[in-house]
Every structure is written in C-alpha cells, then in structure tokens.
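Here is the structure we will look at, set down as structure tokens.
The values are calculated or read from the model by the stated rules, or taken from the named source; none is laboratory data. Computed from a predicted structure; not experimentally measured. FYI the Cβ positions are ideal-geometry reconstructions off the backbone, even for glycines, and counts take in every protein chain you see. Areas reflect the complete protein model, heavy atoms only, side chains present, ligands, DNA and RNA absent. Shrake-Rupley method; radii C 1.70, N 1.55, O 1.52, S 1.80 Å.
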Amino acid sequence: MLDLRELKRDGRKIVAVVCWDQSTAELADAAGADIVSVGDSVVQSFDELRAYLTGVRRGVTRALVSCDLPEPSVARAREL
C-alpha cells in the first residue's frame, strides 16, 4: 500500500493526476502516478460521482484513489 508519509520523508515528489474513466486511470497508474483523483467538475450528484469513481478504481492497481465531492452532496450531508 502506498504510504504518502514515506514518500514525503524520503524527499520524493508526489505525483497526482485527475481522471474520469478506467482507461485513463490505467495509463496514469502504469506511468507511476502516486494519486489518481476523480474531479467533481463533470458530475452533479453523488450517484454520478460514484459511477466515475468505480471506473477509475477498476483501472488502478497501485496508486491511491481519491475524489472530490460535488457541492450539492456536501450541502445535503450538512442537512442530515
């Protein structure tokens, strides 16, 4: 499992990229990206984000996967 603290301690640069599909995520992972993130600019709901996130996750075997939450999802969570 990737340990970002270890990379930082060793003085290595941490490479992060944004992807929205499996094939791009596969390329980023194979190229050595440390973090593959799904941006929220293409989605309007958590369900849409989950669909993109699922595809990206399938394409990554090594990198850390992260995502941004779309603002409407954050606002709804505050209401709960």
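Nonpolar atom fraction for the chain, defined as the carbon and sulfur part of the 1.4 Å probe accessible area, stands at 54 percent.
Enter the accessible area per residue of the range 1-67 (Å², integer; probe 1.4 Å; all protein chains in place).
Heavy-atom SASA per residue in the range 1-67 reads 66 Å².
Between Arg62 and Val17, full extension at 0.36 nm per residue minus the direct alpha carbon distance yields a gain of 14.8 nm. Sorting the segments 28-36, 5-13 by their mean number of nearby beta carbons within 10 angstrom, highest to lowest, gives 28-36, 5-13.
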